[in-house]
Amino acid sequence: LSQSLPSDCKRWKSKVTVPEPFSFSRNTSKQRLSIQARRMQEDVQRRKREEEAEHKFRPKPVVVPRSVREPKLERMSIEQKAKTKQIKAKAKEVLLATQKPFSFYESDQKRLEQRRRLNDEAEGKTDVTKTKENSVPCGPLVSTPERKAKKAHLQMIKQKTRAKIESMKSTQESRKAPPPQTSVCKPIPDFKTMHDEFEKQLEKKKQEAKEKLEQTAPKAFLLDTDRIKWKDVGFQICSINAICMLTCVIVAG
């Protein structure tokens with residue numbers, strides 16, 4: 001084959017075509033980015049940096065202070081109560097030192113104190129006498145005829161009261177309860193007769209209304225044709241025709 005090919009064909013060599021971009025595409029690659037695109041890129045980069053810094057950060061535990069475990073609120077409440085007590089005591093002392101009561105106030109207080117003492121003494125004396133005079137109470141299990149009579153009397157009273165209460169309840173229930181309803185079947189009414197009676201009443205009412213109303217009688221019209229002159233009538237007709245002609249001419253124009 002090499003011997004049969006001409007000399008020009010032997011010199012030819014195969015070449016690979018490499019694609020090259022167009023001129024307008026090169027210009028677009030060299031163009032600058034807009035302000036909005038730059039800001040978007042900057043924001044994305046900044047967020048990435050912040051996320052990387054947060055991932056790298058390792059927090060250290062802080063020791064809880066002792067002041068947190070102390071019961072400060074209880075101490076404050078106790079101190080506040082003590083302060084209020086001191087303030088009240090000081091206020092009482094100041095009032096006692098500065099007050100100037102009336103003369104009758106002191107005398108009334110003395111009388112009250114005397115009465116209290118007398119009452120206390122009287123109560124002490126009565127207690128002593130009671131212990132001496134009172135007899136020894138008999139035991140609760142010991143049955144005496146007096147106790148038996150008292151018990152029987154109390155039982156009778158209880159039974160009577162119960163009977164009265166039951167009778168009152170029964171009377172109240174009987175009053176509240178509705179009376180027994182007797183179911184009585186009514187007869188079937190005759191609708192035809194009722195309808196005929198209603199029609200008769202209606203006709204009577206119509207006749208009465210007609211009698212009350214005045215009957216309208218026709219009356220003749222009062223026309224003054226005899227009095228009107230024929231000349232005046234002809235003149236009026238001519239004037240009416242002239243007015244109609246004028247209106248037609250105006251509308252056509």
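The values are calculated or read from the model by the stated rules, or taken from the named source; none is laboratory data. Computed from a predicted model, the values in this text were never measured in an experiment. When we count neighbours, we look across all protein chains shown, and the Cβ atoms used for this are built from the backbone with ideal geometry, even at glycine. Side chains included, ligands, DNA and RNA excluded: accessible areas come from the protein's heavy atoms. Shrake-Rupley method; radii C 1.70, N 1.55, O 1.52, S 1.80 Å.
The figures follow:
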quantity: All helices (runs of 4 or more DSSP H) inside the stretch 17-123 with 3 or more residues being open to solvent by less than 100 Å² (accessible area, probe 1.4 Å); calculated: 23-30, 35-56, 72-98
quantity: Listing of helices (runs of 4 or more DSSP H) fully contained in the stretch 138-253 that carry 2 or more residues being hydrophobic (A, V, I, L, M, F, W, C), at pLDDT below 70 and exposed (fewer than 10 other Cβ atoms within 10 Å of the Cβ); calculated: 230-252
quantity: Hits in the stretch 104-137 - residues which are more than 60 Å from the chain's Cα centre (by Cα), modelled with pLDDT of 80 or more and acidic (D, E); calculated: E113, D120, E121
